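Here is the structure we will look at.
The values are calculated or read from the model by the stated rules, or taken from the named source; none is laboratory data. What you see is a predicted model, and the numbers here were worked out from it, not measured in a lab. A quick note on method: Cβ atoms are made from the backbone with ideal geometry, for glycine too, and the neighbour counts reach across all protein chains shown.
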Amino acid sequence: MQAIKSKSVNIIGAGLSGLAASCLLAQAGFDVKVFEKNSKPGGRANFFEEDGFKFDMGPSWYWLPDVFENFFKQFNKTVSDYYDLRKLDTSYRVYWQKEDFTDIPAGMDKFLELAEDIEPGSGLRLKDFFAEAEKKYDIAVNDICREPGLSPFEFLKLKYLKAFLTCDSLSSVRSHIGKFVKDERLRQILEFPMLFLGTAANHTIALYSFMNHADTALSTWFPMGGIHEIPRGIQSLAESLGVKFYFNTEITAYDSSQGLIKTEDEQDFVSDILLVNADYEYFEQNILAKQDRVYDQNYWKSRTLCPSVLVFYLGVNKKLESLQHHNIFFDYPYDINAHEIYNEPQWPSKPFIYISAASKTDPSLAPENSENLFISIPIAAGLEDTEEIRNKHRTKILNRIEDIIGEEFIDNIVFERSYCIKDFQADYHSYQGNAFGLANTLMQTHFLRPRVKSRKIENIYYCGHMTVPGPGMPTAILSGEIAAKQIIKDNATELK
Ligand SMILES: Cc1cc2nc3c(=O)[nH]c(=O)nc-3n(C[C@H](O)[C@H](O)[C@H](O)COP(=O)(O)OP(=O)(O)OC[C@H]3O[C@@H](n4cnc5c(N)ncnc54)[C@H](O)[C@@H]3O)c2cc1C
C-alpha cells in the first residue's frame, strides 16, 4: 500500500486539466492551491452573458462522454451529480450547398443507414471500418492517452503492438477512409472528426480514426446550461476536497531554488511541487528563469500549432429554422482552408464555417424566440489580427451563411462580439494566439510532445493541451489525470 508524504502543490491555471489534477491531488492528500489569472474556472472553456444571451466562448462539442464519467467515478461521483447531460439527435447538420444538407444522426445503426443511402454498399463495408475504429479507441483513449509519454518504451506493450499490427495505423486517415468509401460527401463526413485533433485528415495517421468511433458510436452530448457547467462542476468537487482557489491572480515569476511563485501584486506562495496548466511556451519563456527552461524559442517555432479561430458571438432576435444545434459547412472543401492554415498561412479565402446554436437544445441560453449563435472559422495561428480584418471576414462569412441556409438573420442581430488571436493572447497567454494548443501530428504524438515532467527541475510538472495527450476537453481532463498521477507516483512512500 502507498501513502503520500504531506506535501503542497501550487497549480498555475484553472483550465480543465488544472482543475482535474487538483481534485486527484487533493484526494491523494496533497495541500493544493490553484492560481488563475482570469475570474472564472475553465480556461478556454470560458463563458459570458450579455443582454440575456449566454455564450460558451470556447468548446461546444461534448464528445468522449466516458472520459468525463470515468473522471468523476474516481471520487465516487457521476456526471449527473454536477450537470444534466443530454444526447443530441441529430448530432449535427452538414451543409453542402444552398439549402442542401445532411443531418448526421446519433448512434451507429442510423449512421450506417445514412451511409447506405448516400453510397449503396458502403454500410456493410463501414461496419468493418467502425469495428476497427472501436478497437483503436479502446487502445488509444483507455491506454495510450493515459500514459505520461516520458519514454518511447511505453509503447512496447504487447497489446499496443498487437493493435498496431492488426489495424491500419500508420497510413493517413484519408487513405484509410478511401479503402471503405468512394463518395465525396461520405468521405468528408468521415474526415470531419480529425479537425478536433488540430490537423487535416491527409496529415493524420490512421490510428486517429478512433475519432470516428467517438463521433458515431459515442455520439454528441450537451450539458444543459452550457459547457461551462463542466468546469463549474469540477471546481465544486475540488473545493469539497479542500482545494483552495485564487482567481484574478496572475503568476509572473517562479524561483525554482525556493519553489516560490510570485503573483502580479507581489505576493509569494511556496510549495513543494509546481504544476503548470498555463500555456507551456508562455510559462517556460516568460516565467521560468532561462537556465531552468527545457525548450528554447527555436523549438516552439518549429512546432505545428493547432489553428486559431475567428469567432462571432451573435444574439439574434428570431428563431432560425434552418439550423440544428451544431452545423458545419462543406460548401468549399476543407483542404483549401487547411492549405491556408498549415502550408501557406494567410487569412482564409474560403473558410470552413461552424455554427453552434446551443439555444436549440437549451432555450434558457437566449431570450424568448431568439438564438445565441457561435460562428467560427479556423485560421492559422500568428496571423495579423485587426478590427478591420475581422470586419472584412464578418461580412463575407455572414452573407455566405445566409445564402447557404436560405434564411435571413443579419438584420436580426441584437448583440455581437468577436474573438480572435489578440484575445487568445491577452486572456490565456496563448502562443501565437492559437486556440487549441499543439496539433496531434505523428511527430507531436505521445513522447514527442513537450514533457509532463521537467527534465531540468525536479518538482515542476505540466498538464494541458501542449503536453500529452493533446487538444480537446476530454484530453485536457486526461492530461490533468496523467500529471496528477505522475506526481502521486513520484511522491509515494511505502506504508510501514
Ligand atoms: C474556440 C474554441 C473551441 C473549442 N472547441 C472544442 C470543442 O468543441 N470540444 C472540445 O473538446 N474542445 C474544444 N476546444 C479545446 C478545449 O477547450 C481545450 O483543449 C481545453 O479546454 C484546454 O484546457 P487546458 O486546461 O489545457 O488549457 P486552458 O483552458 O488554456 O487553461 C489554462 C489556464 O491557465 C491560465 N493561465 C495562463 N497563464 C497564467 C498565469 N501566468 N497565471 C495564472 N493563470 C494563468 C489561463 O487563464 C487558463 O485559465 C476548443 C477551444 C477553443 C478555444
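Taking F283, is it aromatic (F, W, Y), outside any strand (DSSP E or B) and at pLDDT 95 or above? Walk me through it before giving the result.
Values: aromatic (F, W, Y): yes; outside any strand (DSSP E or B): yes; at pLDDT 95 or above: yes.
Answer is yes for this residue.
Output the number of residues of region 334-354 satisfying the condition of being over 20 Å from L190 (Cβ atoms), in a helix (DSSP H, G or I) and of a type in the set (S, T, N, Q).
Count: 1.
Out of all the residues in region 146-171, which are assigned to a loop (DSSP other than H, G, I, E, B), under 18 Å from Y208 (Cα atoms) and polar (S, T, N, Q)?
If we filter region 146-171 for residues that are assigned to a loop (DSSP other than H, G, I, E, B), which is where we start, we get 147-151, 156-157, 167-171.
So of that shortlist, the ones also under 18 Å from Y208 (Cα atoms) come out as 147, 149, 167-171.
Across region 146-171, the qualifying residues are S169, S171.
Just to be sure before I move on: is F436 within 16 Å of the ligand (Cβ to nearest atom) and assigned to a loop (DSSP other than H, G, I, E, B) in the structure I sent? Talk me through it step by step, then tell me what you get.
On the way: within 16 Å of the ligand (Cβ to nearest atom): yes; assigned to a loop (DSSP other than H, G, I, E, B): yes.
Against the criterion (within 16 Å of the ligand (Cβ to nearest atom) and assigned to a loop (DSSP other than H, G, I, E, B)), F436 qualifies.
Report those strands (runs of 3 or more DSSP E) wholly inside region 230-278 carrying at least 3 residues which are in contact (Cβ under 8 Å) with a residue 24 or more places away in the chain. Write out each step before concluding.
On the way: elements: 244-246, 251-255, 260-263, 268-270, 273-276.
Per the criteria, 244-246, 251-255, 273-276.
Restricting attention to region 1-46, and to residues there that are hydroxyl-bearing (S, T, Y) and crowded, with 24+ Cβ neighbours inside 10 Å, which single residue is nearest to the ligand (Cβ to nearest atom)?
Per the criteria, the residue is S17.
Quick check on E239: is it away from the ligand (no atom under 14 Å from the Cβ), surrounded by 14 or more Cβ atoms within 10 Å (Cβ to Cβ) and either under 27 Å from the mean Cα position of the chain (by Cα) or among the small types (G, A, S) (or both)? Break it down stepwise before answering.
Working: away from the ligand (no atom under 14 Å from the Cβ): yes; surrounded by 14 or more Cβ atoms within 10 Å (Cβ to Cβ): yes; either under 27 Å from the mean Cα position of the chain (by Cα) or among the small types (G, A, S) (or both): yes.
Answer is yes for this residue.
Could you list, in sequence order, all residues of region 336-384 that are under 16 Å from Y95 (Cα atoms) and charged (D, E, K, R)?
Within region 336-384, K350 is the sole residue that qualifies.
Inside region 181-201, can you point out the residues that are over 19 Å from S376 (Cβ atoms), surrounded by fewer than 23 Cβ atoms within 10 Å (Cβ to Cβ) and not charged (D, E, K, R)?
V181, L186
Please determine, by comparing only the residues of region 408-433 that are surrounded by 15 or more Cβ atoms within 10 Å (Cβ to Cβ) and part of a loop (DSSP other than H, G, I, E, B), which one is nearest to the ligand (Cβ to nearest atom).
Filtering first and then ranking leaves H429.
Somewhere in region 385-405, is a residue of a type in the set (K, R) and in the same structural domain as Y254 (by TED's automatic domain parsing)?
So in region 385-405, the residues of a type in the set (K, R) come out as 390, 392, 394, 396, 400.
Those left that are additionally in the same structural domain as Y254 (by TED's automatic domain parsing): none.
No: region 385-405 contains no residue that is of a type in the set (K, R) and in the same structural domain as Y254 (by TED's automatic domain parsing).
Does any residue of region 47-65 turn out to be within 16 Å of the ligand (Cβ to nearest atom), part of a helix (DSSP H, G or I) and surrounded by fewer than 22 Cβ atoms within 10 Å (Cβ to Cβ)?
Yes, there is a match, as at least one residue in region 47-65 is within 16 Å of the ligand (Cβ to nearest atom), part of a helix (DSSP H, G or I) and surrounded by fewer than 22 Cβ atoms within 10 Å (Cβ to Cβ).
Would you mind finding the one in D268, D272, D279 that is surrounded by fewer than 15 Cβ atoms within 10 Å (Cβ to Cβ) and farther than 22 Å from I405 by Cβ?
Working: D272 fails: surrounded by fewer than 15 Cβ atoms within 10 Å (Cβ to Cβ); D279 fails: surrounded by fewer than 15 Cβ atoms within 10 Å (Cβ to Cβ).
Going through D268, D272, D279 in turn, the sole match is D268.
Working only within region 334-356, note down all residues that are at pLDDT 95 or above, among the aromatic types (F, W, Y) and crowded, with 18+ Cβ neighbours inside 10 Å.
Result: F352, Y354.
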